[in-house]
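As structure tokens, the structure follows; a few thoughts come after it.
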Amino acid sequence: MVSRGMKSVINILKKNREKEIKKRVEESRAGLEEMARLTPLFKDAKLENIDAGGVPAAWMITPDVAKDRAILYLHGGGYKEGSITTHQDLAQRISKVSKTKVLILGYRLAPEHPFPAALEDSVRAYEWLINSEGYKPKNLIIAGDSAGGGLTIATLVKLRDQGVSLPAAAVCLSPWTDLALTGDSMNLKIHEDHFVSPDGLMFDARLYLGKTDPKNPYASPLYADFKGLPPLCIQVGSAEILLDDATRLAKRAREAGVEVQLDIWEEMIHVFQAFAVMAPESIEGINKIGDFIKKFF
């Protein structure tokens, strides 16, 4: 039996830990938002905030987009950060090269809203596009980066399991698909990856998962059954600790009969496409995404 005094000590330590986590999350979110302000919208791009079936979202619209097609974009940020604002530059560039409207989803974040909140929101938004906005599944694509890339696959699996018609294809940029962190690249690439760290991923996974098994296929879609999923475009950098999350995803999907386009970019960092304002490699990667999307529309 733990004494009343020790229980008090444990409660104090617990509250201190909660304060530390809250401060770390708030500072990280603020830093990402600050970075996003360095890349303003194109003069010919339009951002329209909307409600996507109860989920905050925004349409990113660039000139000459098709009226009957759309991309549902799920941003990255370890499930604890990221927003419509942080990913508006990537969204506007994808919209421009694909000639397609992009719906950036502001899904709920951990630790305030742990698993399965993000998945529930992405599924709800996809069904809203079909049932309320009138889009046909064949004219939809789901895309995402990092945690959003993993969420893209999890959303496809959940939709399939619920008997909902799947989109034409999906795009995953540096997808985080294994929250159990078992990939060999976690250790092999640790000195090459200057963006993401195993400790950071472990922190994010703990916040998102709560008491959920890290190998739950709806949280870690690497462990899902991929049968019947649409074609996938996967881009990843060779200098990422998440390299194996992408390559194992591609391997397992192909084994299940899924068409996969896997592009491993030499010496590229995590979600290198997000730095198009500075790097030509980012623009090249985004152009390839546009080619893939137009192929399936």
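Excluding same-chain neighbours fewer than eight residues apart, the lysines reachable from Lys189 by a Cα-Cα span under 28 Å are Lys80, Lys215, Lys251, Lys288. Each principal axis of segment 69-118 carries a Cα extent, and these read 35, 19, 12 Å when sorted largest first. Where a Cα-Cα gap under 18 Å defines reach, which lysines qualify for Lys67, not counting those fewer than 8 residues away within the same chain? Within the straight-line limit of under 18 Å, Lys67 reaches these lysines: Lys46, Lys96, Lys99, Lys101, Lys136, Lys138, Lys294, Lys295. Of the two radii for segment 150-237, the radius of gyration is 0.99 times the Kirkwood radius, both from the alpha carbons; that is the Rg over Rh value.
From the square roots a ≥ b ≥ c of the eigenvalues of the alpha-carbon gyration tensor of segment 153-295, which class results: rounded (a/c under 1.5), prolate (a/b over b/c), or oblate? Here segment 153-295 falls in the oblate category. The alpha carbon gyration tensor of segment 39-296 gives principal lengths a ≥ b ≥ c with a/c below 1.5, which makes the shape rounded.
Each peptide among 16-28, 113-125 gets the average number of other Cβ atoms lying within 10 Å of its residues, and from highest to lowest they stand as 113-125, 16-28. Amide H to amide H, with H built 1.01 Å from N, Leu262 comes under 5 Å of Ile234, counting only residues 5 or more places away or on other chains.
Only Lys, Arg, Asp and Glu carry charge here, each on its Cβ (+1 for the first two, -1 for the last two); on that basis segment 138-205 has a dipole of about 460 debye about its Cα centre. Out of Ile94, Val123, Ala276, whose Cα points farthest toward the positive end of the dipole of the chain (charges: +1 Lys, Arg; -1 Asp, Glu; placed on Cβ)? It is Val123.
Cross-link partners for Lys14 among the aspartates and glutamates, with Cα-Cα distance under 17 Å and sequence neighbours closer than 8 places in the same chain left out: Glu112. Of the options Pro167, Leu201, Ala180, report the single residue whose Cα projects farthest towards the positive end of the charge dipole of segment 163-215 (beta-carbon charges: Lys, Arg +1; Asp, Glu -1). Positive-most Cα among the choices belongs to Pro167. Rounded to 0.05, the FRET efficiency of the Glu266 and Thr212 pair, given R0 = 41 Å and the Cβ-Cβ distance, is 0.70.
Applying a DSSP loop filter and a limit of 10 other Cβ atoms within 10 Å to the chymotrypsin sites (Phe, Trp or Tyr not before Pro) in segment 122-159 leaves nothing. The charge dipole of segment 39-296, taken about its Cα centre with unit charges on the Cβ of Lys, Arg, Asp and Glu (plus for the first two, minus for the last two), comes to roughly 860 debye. Please list, by residue number, everything in segment 54-87 whose backbone N is under 18 Å from a paramagnetic label point 7 Å out along Cα→Cβ of Ala180. Answer for this model: none. For the chain, relative contact order (Cα pairs under 8 Å, six or more residues apart, normalised by length) works out to 16 percent. Short-range pairs are left out: with C-alpha atoms under 8 Å and at least six residues apart, the relative contact order of segment 1-125 is 26 percent. Between Asp64 and Thr85, the FRET efficiency from the beta-carbon distance, with R0 = 22 Å, is close to 0.35. In the chain, the DSSP beta bridges split such that about 30 percent are antiparallel, to the nearest 5. Counting every other Cβ atom within 10 Å of each residue's Cβ, Trp176, Trp265 order from fewest to most as Trp265, Trp176.
Every number in this text was worked out from the coordinates using simple rules, so none of it is lab data. As the structure is a prediction and not an experimental result, all values here were calculated from the model. Using ideal geometry, Cβ is built from the backbone for each residue, glycine included, and neighbour counts are taken over all protein chains shown.
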